[in-house]
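Presented below is the structure to which this report refers.
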Amino acid sequence: MKPRIHHRTLQRWVAATLLAAFAPAFAQVVVQDAWVRGTVAQQRASGAFMRITSAKGGKLVAVSSPVAGVAEVHEMAMEGNTMRMRAIAALELPAGKTVELKSGGYHVMLMDLKRRLDGGDTVPLTLVIEGNDGKRETIEVKAKVRALGADAHGGMKHLSAALAPSARSAPAWRPARRPARTARCPPGSRVGRR
C-alpha cells in the first residue's frame, strides 16, 4: 500500500523548505520614510532623511547616490555653544531599535550634486549595512524629494510660523504701531487700502 500525501501537507512542506532555503535572503534591515530635501538652482548639497531598523543590529558604513559626487553619513552635535556637523565613519544600528536620520541629528549629506532636486523627484540611494557578524548587505532605497519649505511630513510650513519669533526671544516691550499713511499714496493707488 502506497502512503498518501495530502495536498495541504505537501504545500506546507514546500513552503517550509523554501522559507528555510531563502531565509538569509530576507532583509534584516528595514528603511522607512526616506526623503531628500529639494534644492534650488546652483545648490551643491542636500540632506537625505529616513528611519532605519536592523533586526540583528549592525552599522551603516557607506552611502552612495548617482545624483551626488559624494554621499556621507553626518551627525549634528553641540560643541560648547556651537552646533557642528561632521562626517562619521559608521552609524550604529542597535538590534531591533529604529534609528532616525533627521534634520538636526544624524543624516545623509549629498554633496557635489549633479542636478537640481525638485519636489516630487525620486533619488536612488544605496546603503551599505555591516552586520555584527561582519557581513555586508546592500540596500537600494528610492527617496522622494520634498520641495523646499516642506515639513518632515511632506506638508508645507506656514511662512508666518517660520518667521514668528519664539516666546523666549520676544522682547518684553513692543514698539507702538503707527497707522498706515494713505494720504501720501498717489490717487488711484491701491497701496495702503483694504
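The values are calculated or read from the model by the stated rules, or taken from the named source; none is laboratory data. Everything quoted here is computed from the prediction, not taken from an experiment. Cβ sites come from the backbone with ideal geometry, for glycine too, and all protein chains shown count toward neighbours. For accessibility, only protein heavy atoms count, side chains too; no ligands or nucleic acids. Shrake-Rupley method; radii C 1.70, N 1.55, O 1.52, S 1.80 Å.
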Among (1) within 20 Å of residue 112 (Cβ to Cβ); (2) surrounded by fewer than 20 Cβ atoms within 10 Å (Cβ to Cβ); (3) in contact (Cβ under 8 Å) with a residue 40 or more places away in the chain, residue 72 falls short only on (3)
Would you pick out the residues in segment 104-119 that are touching a His at 6+ places or on another chain (Cβ under 9 Å) and assigned to a strand (DSSP E or B)?
107, 108, 109
Considering each residue of segment 131-148, count those that are more than 16 Å from residue 34 (Cβ to Cβ) and open to solvent by less than 40 Å² (accessible area, probe 1.4 Å), and give that number.
1
For residue 30, are the conditions met, namely being surrounded by 13 or more Cβ atoms within 10 Å (Cβ to Cβ) and not charged (D, E, K, R)?
no
Of the residues 44, 12, which single one is at pLDDT below 95, open to solvent by 30 Å² or more (accessible area, probe 1.4 Å) and more than 17 Å from the chain's Cα centre (by Cα)?
12
Residue pairs within 6 Å by beta carbon, gap of at least six or interchain, first lying in segment 77-103 and outside any strand (DSSP E or B), second open to solvent by less than 100 Å² (accessible area, probe 1.4 Å), listed first then second, are 88/73; 88/75; 90/59; 90/61; 94/57; 102/49
From the list 114, 97, pick out the single residue that is of a type in the set (Lys, Arg) and either within 15 Å of the chain's Cα centre (by Cα) or within 24 Å of residue 32 (Cβ to Cβ) (or both).
97
